[in-house]
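First comes the structure, then the notes that go with it.
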Amino acid sequence: MYARVALRPSGTLAFKVLCVLCVRCALAAAVRPALRPAARGFAASPLDTTAKLYEDLVDKSLKDGASLLCCVYGLSICCFVPEQQHASDTVREKPGDFHKVAADLDAEISNSKVVLFMEGTPDAPKSEPSLNAVKMLTEAQAVPLTSVNVLAHPAILGYTVAKTQKRRTPHLYVNGSFYADYDGMLSQHGTGQLAKNLGTEATKSSGVFGGELPIATY
């Protein structure tokens, strides 16, 4: 009598190995997310954070404006006139009374036709609104133009914000009075009123390029 021997299919071992591999892959997939470091994210929107920092700067400028202005040694002022591309002048004040320094800025505004309080300088604006303001005034040929950098010292920013009651620069003064902030300039630029009120045709090119902006020569 012969003993009956059960023959296993040749694929059974391979099937078991495949099952083991599948289980390992499933366990690895389940464990991997727990071991993976959490994705880094911003605590807040970068734009919101920047806006908050600017608001804090304005608040500090308004709060400490009186004491800060007493410590100002130099206010950087750039003047742009048709015949001279740019000339720089520095108003220097010894530490003194707040009202005296404020009076100096008032005098600068009163004695200049167009004064732009901006972030940076016309050659190197530090914000998009200030850059656009320079472009609009250049296109209108609003000359002569005097610019004051509000980032040179918090006291300067506090001065113009308190004077205009507008927290966001640039601020434009014309003939001694506040004329418009950025939104006001943008609105007048779109309707052509800015060029009509402040611009001049005398500095524009003539001949073949008549009416075009002049070519700068440095």
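Within the set Leu151, Leu116, the sole residue that is over 24 Å from Glu212 (Cα atoms) and within 19 Å of the chain's Cα centre (by Cα) turns out to be Leu151.
If you go through region 142-185 and keep only what is surrounded by fewer than 22 Cβ atoms within 10 Å (Cβ to Cβ), part of a loop (DSSP other than H, G, I, E, B) and either polar (S, T, N, Q) or free of Cβ contacts under 8 Å to residues at least 12 places away in the same chain (or both), you end up with Gln165, Asn175. A count restricted to region 109-141 and to residues that are part of a strand (DSSP E or B) and touching a Gly at 6+ places or on another chain (Cβ under 7 Å) stands at 0. Does at least one position in region 192-210 carry a residue that is more than 21 Å from the chain's Cα centre (by Cα), in a loop (DSSP other than H, G, I, E, B) and at pLDDT 90 or above? Yes, the conditions are met somewhere in region 192-210.
The values are calculated or read from the model by the stated rules, or taken from the named source; none is laboratory data. Because the structure is predicted, anything quoted here is derived from the model rather than measured. Glycine also receives a Cβ, built like all others from the backbone with ideal geometry; neighbour counts cover every protein chain displayed.
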